[in-house]
Amino acid sequence: MIDFDFASLRTIGFTQAIAAELPALGHQPPGTCLARITEVHRDSVMVHDGVAEHAARSLGGGEQLAVGDWVLVQVHANGEYWLSARVPPTTHLARRSSTGRRQSLASNIDTALLVMGLDHDFNLRRLERYIALVRTAGIDAVAVLTKADIAADRMQELHERLPPSIPAFAINAHDPGAVLDPWLGAGQTLVLLGTSGAGKSTLTNALTGSGQQTGGVRHGDSRGRHTTTSRSLHLCTGGACIIDTPGLRTWSPDADEEAIAASFDDIDALAVHCQFRDCRHGEEPGCAVRDAVDSDRLRNYHKLLREARRSSQTPLDRIAERAKWKVMMKQAGLRGKQKRE
Ligand SMILES: Nc1nc2c(ncn2[C@@H]2O[C@H](COP(=O)(O)OP(=O)(O)OP(=O)(O)O)[C@@H](O)[C@H]2O)c(=O)[nH]1
Ligand SMILES: [Mg+2]
Ligand SMILES: [Zn+2]
C-alpha cells in the first residue's frame, strides 16, 4: 500500500502517468510513501514528499537515480528515510561519456528549456544538437535566448535555420515576463540545459523565487566558471518544477540514427519527396532536402547521425567497418588507376 495525497504531490509534479506506474511495483509495506528526488549525492539523495524535503539513503542497487525520479520511501523507526524502489520514469535524459558510459541527467521531464546567451555563447549548431538529444528522449524543446537586454538580436538568424516547431524566445533571464507560462502549468517539469554562464540559474531564480547562486561575469568572458555544480529541483509558484543543471560541456547522442533523423522534423518531412527512398541528402539526384534546408544545418545533421552510429557500434563493429572501408578505398584506387591507364 502506498500512501499518497494527490494534491500535495501535485506541487512537486505528480501526474496520472506516474500514478499508473504504481500498481506494477507490487505490494508495499504500510507507511511506504511517494517522493521525488530533488538532489543526488554520492551516498544519499534529497527527496521531497510534497510537504518537506528530507535526506534519504539510496537504494544501493547500482541504479542510476536522477533528479526528477519518483521513488518509494520508508521512514524507519529512528527517523531515517530509506528508498525502497524507483518508479519507472516516463522520460529520461542521459548522456554518454567519451568512454561510452551512460550518465543520468534527469527524469520525468516534460520540457527542456535550452538556454543560450545571445552574446558569444550563441551557437546554432550546439542548439541543434541539444534539440536533437532532447527530442530523441521524447521531451519537448524550447529555445530560450538570454541576455536580450545586453546583446544584439539574432532571432532572425535562428528562425531562418530552425523549423517553426521549436518555440524560441529572446529574454532577459532576470526578468523573463510571461512568455514561458504555457510550459509552466501545474504538474509540468522542466529542465534547463546550456553551457556555463548562459543564465540557467538566473532564470531558475526568476521563475521560482529560489536563491540559486549565479555567476558574476568574468572579465571579457562569461564562460567556463561552472557556478552551479549539481542538478537540483525547484518549485514554481504556479505549480511547475524546474531542474537547474550545471553547464554542459559536451553531450554525445545516446540515441540511434533513426531517432536522431526523426528529431530533425523539417528534414524528415521533406525527405519523403526525395527521389530515392534511402536518400542521404548528399549528392543524390532528385533530393528534396538539400536545397530547402540551411546547408550548415544539414552538415550538423549528418555529423550527429555519424556520432549516433559510432556510439551504437561495439569496438568490433568499428574495426569491421574500418576494414570494409580500407577494402573499398583500395578497390576505388584500383579502379581509378585502371581508368587512367
Ligand atoms: N544582463 C543579463 N545578464 C544575464 C542574463 N542571464 C544571465 N546573466 C548573467 O550571466 C551570469 C551567469 O548566469 P548564471 O545564471 O549563473 O549562468 P548558469 O547558466 O547558471 O551557469 P552555470 O551554473 O555555471 O552553468 C550572471 O552574472 C547573470 O547575472 C540576462 O538575460 N541578462
Ligand atoms: Mg548555474
Ligand atoms: Zn534527399
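Where a number appears in this text, it was derived from the coordinates with a stated rule and is not lab data. Nothing here was measured: the structure is a model prediction, and the numbers come from that model. Note that each Cβ is placed from the backbone with ideal geometry, even for glycine, and that neighbours are counted across all protein chains shown.
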Task: Estimated distance in nm for a label pair at His302 and Asp265, the labels positioned 7 Å out from Cα along Cα-to-Cβ - done: 2.6
Task: Cα-projected label distance for Thr227 with His273, points at 7 Å along beta-carbon direction, nm - done: 4.6
Open item on the list: Report D for the chain in µm² per second (integer): Stokes-Einstein, Kirkwood Rh on Cα pairs, 20 °C, 1.002 mPa s.
Closed with: 96
Task: Considering only the chain, percent of DSSP beta bridges that pair antiparallel, nearest 5 - done: 60
- [ ] Using only Cα atoms, find the angle between the long axis of helix 124-136 and the longest principal axis of the chain, and express it within 0 to 90 degrees, rounded to the nearest 10.
- [x] 60
Task: Alpha-carbon radius of gyration plus Dmax, which is the widest Cα pair, for the range 67-202 in Å - done: 17.5, 61
TODO: Would you work out the charge dipole size for the range 169-288 about its Cα centre, treating the Cβ of every Lys and Arg as +1 and the Cβ of every Asp and Glu as -1, and quote it to the nearest 20 debye?
DONE: 820
Open item on the list: What's the whole-number percent of alpha carbon pairs in the range 1-97 lying beyond 15 angstrom?
Closed with: 58
Task: Kirkwood Rh in Å, taken over the range 117-173 so that all alpha-carbon pairs contribute - done: 11.7
TODO: Compute the length gained on full extension between Glu258 and Asp291: take 0.36 nm times their separation in residues and subtract their Cα-Cα distance, giving the result in nm to one decimal.
DONE: 9.7 nm
TODO: Determine, from the Cβ-Cβ distance of Thr237 and Glu284 and an R0 of 41 Å, the FRET efficiency 1/(1 + (r/R0)^6), rounded to the nearest 0.05.
DONE: 0.15
Task: the chain, dipole about Cα centre (Lys/Arg Cβ +1, Asp/Glu Cβ -1), debye to the nearest 20 - done: 2040
Task: Lys/Arg +1, Asp/Glu -1 at C-beta; the range 163-320 dipole; positive extreme among Leu298, Gly199, Cys287 - done: Gly199
Task: the range 143-278, Rg to Rh (Cα coordinates; Rh as Kirkwood inverse mean 1/r) - done: 1.02
Task: Leu22-Arg310 pseudo-label distance in nm [points 7 Å out on the Cα-to-Cβ vector] - done: 4.6
